Amino acid sequence: ATWLESQGKAGKRAVLSDADLGGKHLERAQLALAVLANGKFAGTNLTQAAMAMIDLGAADLRGAVLARADLRGARLHRAHLNDADLSGADLGPVRAVGSSKRDFKTAAERAKFLHAKLCGTNLREAQLLGADFSDANLEGADLRNADLQDAVFTGAMLAGANLDGANLTGAVLAGVNLEGASFEGAKGL
């Protein structure tokens, strides 16, 4: 049994910090719970990759394709996702894990999503404090109950996005397209 299948009782967790996988084709890769902090993934194709609870802290994912990838509960602190395609990706929480039945939310504090494609992406309950979404396309994205304090959305497309219950305290919304976006119960507006 693998480490993941045995819930950490057999095998070892994949720890590949500082790995250089830039430009590789890793479609449908099984990377759940891997530690790839500071990794280099610029231009890598990770379409439909299984990456739940992965650690990509400070990773370089510029121009990477993460369309329809499972990034639930991922750690993306200070990651660089400029020009990345996360269309249809799931960055929502992982529910009721382990004996404690704890939820794990995606954490992407101060991550960079400049010019990124996040159309229809699930960012529900994500911790996105200080994240930069300048000129990103978040059309139809699900940001319900996300923590977006001090996030920057300058020039972003948020048409049809759901921000119900989101915390937007200190967020910068200059030049943002909000046509059809929902903000019911949102804080900080």
| Net lengthening on full extension, Glu27/Arg13 (0.36 nm per residue, minus Cα-Cα) | 3.0 nm
| task | With no solvent and one equal point scatterer placed on each C-alpha of region 101-161, evaluate the Debye formula and give log10 I(q)/I(0) for q = 0.25, 0.29 Å⁻¹, two decimals. | result | -1.04, -1.34
| note | Largest fluctuation, Arg95, Arg110, Arg72 only, Gaussian network model of the chain with Cα springs under 10 angstrom, belongs to Arg95
| message | As a quick test, which of the pairs Lys40/Lys117; Lys12/Lys40; Lys24/Lys101; Lys12/Lys101; Lys105/Lys187 have an alpha carbon distance above 27 angstrom in this structure? | response | Lys24/Lys101
| message | Which of Glu125, Glu179, Glu27 has the fewest other C-beta atoms within 10 Å, and how do the rest follow up to the most? | response | Glu179, Glu27, Glu125
| Sorted by Cβ neighbour density within 10 Å, fewest at the top, the residues Arg75, Arg102, Arg68 | Arg102, Arg68, Arg75
| field | Rounded to the nearest 20 debye, dipole of the chain from Cβ charges on Lys, Arg, Asp, Glu | value | 720
| Distance from the Cα centre of region 20-64 to that of region 126-189, in angstrom? | 25
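No value in this document is a laboratory result; all are computed from the given coordinates. Only a predicted model underlies this, so the values are computations on that prediction, with no experimental measurement involved. Because the Cβ atoms are built from the backbone with ideal geometry, glycine has one as well, and the counts that use them run over all protein chains shown.
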